[in-house]
């Protein structure tokens, strides 16, 4: 069959190049694993299997990567099939395709590449968690005013803030590892869509390729892509959370706020304005995260309203988008991790801002309720009256404002000494008394940091085990093939 030149240029050539970049190694691994299984089950004679294995060994994958698409064969699979046939008898080579189809080969390749993508993003998330934990451990006493609705709200610490970010990244890790588990099932043996009449061992090929187990229903093995959408969704959630964190960091890097200073290696100056110190690494991270998030949404859009079966929409043309999405997501998260590692906070500027704007006034309302028998709502009204008085006259005496406001609102005068009020309204006291689980007090934060360190260690171990499992499967596959 001669393909139309326009079809070659616009489709087949592009798909061939994409497959060389992302799917060549998985395809070769599948050839070896399937061959071993065919020989072990007696479906292919041992002597023929040995000849096919020798032909596979002669294939130069680097040469394939340098090969341009010639329009003779349809895709990378048929190109390699031709190379195998050229290295042993064509009829012998034809045994390799027994009990399989391009359908189950494709779905297996996609899952093999996707699991690598998911693990790479997981590793980047772990690096970000490690960077933030290191910073948080040094910033447990660095107080600054947290914002709600973009307005100064209450004092907290940098460590407390970062723990909120870290815990979200912990959940990102859990989602990515769950997506990996969904992905790491082997469709090989589902063939075109109904399986095969040959006595294949799907468990054997699954193990040789590093999968946890074969997929179930053979129709679903070919038709479904929920595992891909689950992985994309986990990545998208991580990108949204990371992007929101980056927004804060960029605000903190402004000269007007001045909380954060990136290391010199992550900033650039201006070609015309020598005073500029632009935090462009974080801007790049934000752009990459937004780009990857858009790509993740595009994956679902492409798959939406397509038939439940073997369909091009979810195959060749979709895979480059999967790769670019995970690549950009991993770049974005990894860049934030690297930029934050040597970033510095201006503790004095943050502490000074925490003493402005009445951000500790909630504690006065709490104190009136806790120590003076008032309802919180009454205490809130008194505190609000004090804030109003200070806005009208910043030099007003707080003790006098308290006495007047309590007299008017509660019907009884409450007077605290200047020292007592200074203590109640200090950011340090505000943080110290908030010992609620998950709160900012030093003891609570220390315990949370310890727990997050343990969680990081467990997740690093899980990642290492998954990577080790893939490496062990690779070794077993090579040994089994060599024994043919």
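Only the coordinates and a few stated rules stand behind these numbers; no lab work does. What you see is a predicted model; the values in this text were computed from it and never measured. For neighbour counting, all protein chains shown are included, and Cβ atoms are generated from backbone atoms with ideal geometry for every residue, glycine included.
Modelled label positions at residue 462 and residue 371, each set 7 Å beyond Cα in the direction of Cβ, lie 4.5 nm from each other.
Compared with the alpha-carbon gap, the fully stretched path from residue 13 to residue 89 is longer by 24.5 nm at 0.36 nm per residue.
If R0 is taken as 60 Å, the Cβ-Cβ distance between residue 315 and residue 275 corresponds to a FRET efficiency of 0.70.
The order of the peptides 332-339, 255-262 by mean Cβ neighbours within 10 Å, most packed first, is 332-339, 255-262.
A simple spin-label model places pseudo-atoms 7 Å from Cα toward Cβ; at residue 395 and residue 141 they are separated by 3.5 nm.
Protection proxy ranking, highest mean first, for peptides 63-71, 212-220: 212-220, 63-71, where packing is the per-residue count of other beta-carbon atoms within 10 Å, averaged.
For a modelled paramagnetic label at residue 308, 7 Å from Cα along Cα-to-Cβ, no residue of segment 181-216 is in reach, as no backbone nitrogen comes under 12 Å.
If the chain linking residue 247 and residue 70 were pulled fully straight, counting 0.36 nm for each residue of separation and taking away their Cα-Cα distance, it would gain 58.9 nm. The distance between label points at residue 349 and residue 436 comes to 3.0 nm (points 7 Å beyond Cα on the Cα→Cβ vector).
Extension gain, residue 476 to residue 261: 0.36 nm times the residue separation minus the Cα-Cα distance gives 72.5 nm. The structure shown yields mean projected area of the Cα convex hull in nm², and of the options (1) 25.3; (2) 30.7; (3) 32.9 that calculated value carries the label (2).
If both residues of a DSSP beta bridge must be in the chain, then about 80% of such bridges are antiparallel. Among 281-291, 394-404, sorting by the average number of other beta carbon atoms lying within 10 angstrom of each residue, highest first, gives 281-291, 394-404.
Relative contact order of the chain: 19 percent, from C-alpha pairs under 8 Å at least 6 residues apart in sequence.
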